[in-house]
Structures are given as structure tokens and as C-alpha cells.
Amino acid sequence: MQRQSVSGPTPGTYSRRAFLRLSAGAAAAALLAACQPGPVTRTIAGARATEPVVELVYQDWRTDWFPPMAQEMLAQFHDLHPNIRVFYLPDPENLETKMLADMQAGTAPDVFQGCCAHYPIWAQKGGMLDLRPYISRDLSQQTIQDWDPAQYRYYLTPDGQQYGLPKYHGAMALYYNKDIFDACGEAYPNSDWTYDDYAAAMAQLCDAAPERYRPVWGSLTEVSWDRLQVHVNAWGGHFVDPADARRCMMAEPPALEALEWLRTRMWDDHVMATPMDVSHMSTTRAFVAQRVAMVEDGSWALKEILSGAEFAVGVAPLPKGPARRATLATTDGFSIYSRSKHPDAAWELMQFLIGEEYGRAMARAHFLQPARYSLVADWVACIRDEFPAQAVGMDIAAFADGHREGYSVTTEFFADMSAAKPIADAAWDQILSLGQAPVERMVQACQQIAAAQAGEG
């Protein structure tokens, strides 16, 4: 397909720094199209004069800490691969739709990150390269087994193609305020906790909290797709039939029982906060503000919590449900564009991104839990070095228990998530956020989702 062109210098004349300055402004989209990789005749320092320099575009997070970290690491990559030049491009705000449009136009970046519901959609549209030949050739079983099996399987299509590899491992656990627990004479959460223990502790914390902590809620969870799914999985249920991505299972007994447990804690017992109870603050902010004694949140929140909490913080695994224990494994991964002009060079970059040093760099920069289990000890050490007082007695490695013990789950998606999600969100808001409907409201929601998946909605 014919590439878009823009007036101005050719890609080969841009420095990485100049590329970044331009991509941050209104010219980002045009520059991305203009900087698609292709053979160039110039050379750079360290490259052999007889070899062309391959230019790649790598697109990833735009958060304040990520670009400096990425630039520092890419400088190391350039030293190792003098004949590959990588331009870093921050993700656009509308990544899901922008990436799909770029894939269809032939202007997508060579290597990019993705996650969540849009990732399998990109794969379904043929936008990602099947990595199996590269994996079988270059990755050892030891490397593959270092990743969480649930996370690794997430990047497989139904016909077995591998379209991504893990970027980091974000898991959920139970943060708790040790000061409030101590003031109430309540024992800290531990790995033996069941949902009954969890409910009893919430009630005790609400009843016994000293005046200086009131009003305080026992716990808080986010009313969102993946957070609620973890509870349903703990009851042995699913949102989506694992064997049929068009079949809704939200109205089956395990799902309804899990949602009823949450609704009861929020609206009957008044021990678990609703979004309104905490003024719609995020789980992280509500915990740091001591509006709740416990909060279900991820390892990705560690830096914000430890930086902001003026109290002793503890961490424990999520409680064991009636059927199993479950925790979330994030689905952020790296992929290669299926129409990249330089797939071999892109794979060299991708091997660097999934490597140990890049994983350690993300851990140092923002305490992101590494995708590789072998790096967990290094990650914990980073946190303890940065917050020696706060991290004393914290079981930080609890975030990795799901990986180590095999109870991680990844987010379940319908074949048509764009149709399913608004329906489910509206039902959960009525049941949990507003307390205006019984859990049986999910029966109607499931019927609507099923009709939408069948193209009848």
C-alpha cells in the first residue's frame, strides 16, 4: 500500500530527540506516517559502512516517567545494534481506534504496546505478526516458563497464533492500613483469609474504629469489568464462556452469588464503600486519604500509595473464594506490526524489550512488577531501597503469589466488547454503585449481550 508523505526532511535526517519534539505536537500523526521504516543509505556511528541502517518506530506509554526511561534504554539498544535506529513515539490518547486505523492504512508503528479489550481486536483484524517462528527459534523454555502462564496464554488467538509477549505483570492484592487495624484490635489479613473472614473484618473495623478515623469503611473495590471478574472467578464463575466468546455467563449462579456478596456488603451491611461513599475517588486515593481501611488494588499502585500514605501499609493476597483464589494478571504486551518492512529488526528490538534489563528498568522507574518471575526479588529490592521505612514488614511479594501458585486470571472478553461493555457497565452501576437493582438485573443484561453478540442488538 502506498505510504502517506509529508513535506520536510526525510526520516533519515531526524535525530531521535527531534522526532520526539515533533511527535509531541500536532504533527505526530503525519510524522508517524512519514517515519515508517524503509532502507536508508546513510550510516550512523558504529555501523559498518557497507550495511544500511534500518529505522523502526516504537510506540509506547506517554506517562511522565516512561519516555525518559525508554530513551535511556533505547540508547543501550543502539549501542548493541548500531545498524538499527529506533524512534520512540508516545501512545495517542485514542490508542485503540488510532492504532486500528493505522494498521488498516499500512502506517502502524513497527513495535508497539497494547492491552485490554483492544488487543485481541487488533489481532482479529490481522494487525499483529505471528511470533511463533521467532519464539521457537530464539526463546528458551526457561524464558517462556518465567512468565505467568495465564498472561502468556492471553496473547494466543483461537487458532494458536502468538501475537504478543508480556510487558509487565500487574497483580491485585489487598492493601490494608495497619494503624486502623491496630487501633481496632483486629488481626491483619493473611493468606488463609476467606471471604467470610474478609466480611467479618470489614464489620469489625467499621464498628470499632476510634473517632479520629471516622467515618471509615472496611474496604473498597472498583466497580469495573476486570475487578468484578476476579470476584466472579473466585466463586468459580465467568463473565464469558471460555469456549465461546459470544456466550454470556454473567447471569449464572456463581456470577450472581459473587455480585450478591458485594452488593450485600455495600448496601445491606454498609461495610464496603460504594463509589458515592468515597466521593468517586479512585481506590488508591481513597486508601491514601484513610477513607477505607482496606482496598483491592494492584501492584501498579505501589508507588502512589507508598509515596502518599502517612500510615503503616500492609499487603496480603486477596481472600480465597468458595471455589478458588483469584487475582488479576494484566494484559499489557509488546507486539510487531504484521506489515512491518523490517520484521527481523523489529524482533531484535522486541527481544530487548522483553529482556531482563528492560524489566529491571521499568521496576526502578515506577515499581512496575516485572513480567518475569525471576526478577521479583530485584523488584522487591527496588521498593525497599526507595521506601525503607514504609516497606518494613510489607509482604510485597504477595503480588507475585498468583504467578507463583498459578491462580492468576486475565480479563475475559466477548467477541464484540464494544457492544457488551456498555450493557454490563449500566447493570453494575444500578446494582452496586447506586443500589437501585437486585443482582437479577444481570439476567436482562446477559440477554441483551447475547443478542448483541449474535448481531441482533
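The values are calculated or read from the model by the stated rules, or taken from the named source; none is laboratory data. If you're wondering where the values come from, they're calculated on a predicted model, not measured in any experiment. Please note: Cβ atoms are built from the backbone with ideal geometry, for glycine as well, and neighbour counts cover all protein chains shown.
Here is a check on your reading of the model: is Arg132 of a type in the set (D, E, K, R), over 21 Å from Ala234 (Cβ atoms) and over 27 Å from the mean Cα position of the chain (by Cα)?
On the way: of a type in the set (D, E, K, R): yes; over 21 Å from Ala234 (Cβ atoms): yes; over 27 Å from the mean Cα position of the chain (by Cα): no.
No, not satisfied.
Pairing residues of the range 438-457 that are in the same structural domain as Trp267 (by TED's automatic domain parsing) with residues that are at pLDDT 95 or above and in a loop (DSSP other than H, G, I, E, B), at Cβ distances under 7 Å and at least 6 apart in sequence or on separate chains, gives Met442/Met250; Met442/Ala251; Val443/Ala251; Ala445/Met250; Cys446/Met250; Cys446/Ala251.
Considering the range 288-403, the qualifying helices (runs of 4 or more DSSP H), each wholly inside and each with 2 or more residues that are under 17 Å from the mean Cα position of the chain (by Cα), closer than 27 Å to Gly114 by Cα and outside the structural domain of Phe77 (by TED's automatic domain parsing), run over 302-308. The residues on offer are Gln113, Gln151, Gln124, Gln142, and the sole one that is polar (S, T, N, Q) and modelled with pLDDT under 95 is Gln124. Is it true that some residue in the range 163-172 is under 22 Å from Glu96 (Cβ atoms) and hydrophobic (A, V, I, L, M, F, W, C)? Checked the range 163-172: at least one residue is under 22 Å from Glu96 (Cβ atoms) and hydrophobic (A, V, I, L, M, F, W, C).
Just a yes or no: is a residue in the range 55-67 part of a helix (DSSP H, G or I) and modelled with pLDDT of 50 or more? Yes: one or more hits. With respect to the stated conditions, Glu440 is surrounded by fewer than 14 Cβ atoms within 10 Å (Cβ to Cβ), more than 22 Å from Ala329 (Cα to Cα) and among the charged types (D, E, K, R). With respect to the stated conditions, Asn233 is surrounded by 15 or more Cβ atoms within 10 Å (Cβ to Cβ) and either closer than 30 Å to Ser418 by Cβ or modelled with pLDDT under 95 (or both).
Of these, Gln369, Gln448, which one is within 19 Å of Tyr152 (Cα to Cα) and surrounded by 15 or more Cβ atoms within 10 Å (Cβ to Cβ)? Walk me through how you get there before you give the answer.
On the way: Gln448 fails: within 19 Å of Tyr152 (Cα to Cα).
Answer to the check: Gln369.
Gln76 meets the stated requirement of being exposed (fewer than 14 other Cβ atoms within 10 Å of the Cβ), of a type outside the set (Lys, Arg) and at pLDDT 95 or above.
Residue-wise test of (1) under 20 Å from Lys320 (Cα atoms); (2) among the hydroxyl-bearing types (Ser, Thr, Tyr).
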| site | (1), (2) |
| --- | --- |
| Cys116 | no, no |
| Ser140 | no, yes |
| Trp147 | no, no |
| Leu156 | no, no |
| Lys167 | no, no |
| Lys178 | no, no |
| Glu186 | yes, no |
| Asp196 | yes, no |
| Cys206 | no, no |
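Take the range 234-287 and flag every residue that is acidic (Asp, Glu) and outside any loop (DSSP other than H, G, I, E, B). Of everything in the range 234-287, those that are acidic (Asp, Glu) and outside any loop (DSSP other than H, G, I, E, B) turn out to be Asp241, Asp244, Glu257, Glu260, Asp268, Asp277. Among the residues of the range 388-427, just one is among the acidic types (Asp, Glu), more than 22 Å from Ser374 (Cβ to Cβ) and out of contact with any strand residue (DSSP E or B) (no Cβ under 9 Å at 6 or more places or on another chain), namely Asp425. Inclusion of Phe387 among residues that are within 19 Å of Trp65 (Cβ to Cβ) and surrounded by 18 or more Cβ atoms within 10 Å (Cβ to Cβ) is warranted. Screening Lys167 on (1) surrounded by fewer than 22 Cβ atoms within 10 Å (Cβ to Cβ); (2) under 27 Å from Ala123 (Cα atoms) shows it passes everything except condition (1).
Within the range 404-426, track down each residue that is closer than 25 Å to Thr327 by Cβ and surrounded by 17 or more Cβ atoms within 10 Å (Cβ to Cβ). Before you say what the answer is, go through the steps one by one.
Here is the first cut: in the range 404-426, the residues closer than 25 Å to Thr327 by Cβ are 404-414, 417, 420-421, 424-425.
Passing the criteria: Tyr407, Ser408, Val409, Thr410, Thr411, Glu412, Phe413, Phe414, Met417, Ala420, Ala424.
Contact annotation: residue pairs with Cβ atoms under 8 Å, 6 or more positions apart or on different chains, pairing a residue in the range 38-64 that is of a type in the set (Asp, Glu) with a partner that is surrounded by 11 or more Cβ atoms within 10 Å (Cβ to Cβ) and modelled with pLDDT under 50, are Glu51/Thr43; Glu55/Pro11; Glu55/Gly12; Glu55/Cys35; Glu55/Pro37; Glu55/Gly38; Glu55/Val40. Yes or no: the range 103-115 includes at least one residue that is assigned to a loop (DSSP other than H, G, I, E, B), under 18 Å from Ser374 (Cβ atoms) and either touching a Cys at 6+ places or on another chain (Cβ under 7 Å) or not assigned by TED's automatic domain parsing to the domain that holds Asp297 (or both). The answer is no, given that none of the residues of the range 103-115 is assigned to a loop (DSSP other than H, G, I, E, B), under 18 Å from Ser374 (Cβ atoms) and either touching a Cys at 6+ places or on another chain (Cβ under 7 Å) or not assigned by TED's automatic domain parsing to the domain that holds Asp297 (or both).
Checked across the range 154-175, the condition of being under 30 Å from Arg360 (Cα atoms), part of a helix (DSSP H, G or I) and of a type outside the set (Lys, Arg) holds for at least one residue.
Can we say Asp425 is in a helix (DSSP H, G or I), closer than 25 Å to Ala316 by Cα and among the charged types (D, E, K, R)? First the steps, then the outcome.
Details: in a helix (DSSP H, G or I): yes; closer than 25 Å to Ala316 by Cα: no; among the charged types (D, E, K, R): yes.
Spelling it out, it is not the case that Asp425 is in a helix (DSSP H, G or I), closer than 25 Å to Ala316 by Cα and among the charged types (D, E, K, R).
For the range 273-287, taking the residues that are within 23 Å of the chain's Cα centre (by Cα) and not hydroxyl-bearing (Ser, Thr, Tyr), the one that is surrounded by the most Cβ atoms within 10 Å (Cβ to Cβ) is identified as Phe287.
Take the conditions (1) under 21 Å from Gly298 (Cβ atoms); (2) without any contact (Cβ under 8 Å) to a residue 60 or more places away in the chain; Trp428 misses just one of them, which is (2).
All of (1) in the same structural domain as Tyr358 (by TED's automatic domain parsing); (2) in contact with a helix residue (DSSP H, G or I) (Cβ under 8 Å, 6 or more places away or on another chain); (3) of a type in the set (Val, Ile, Thr) hold for Ile180 with one exception: (1).
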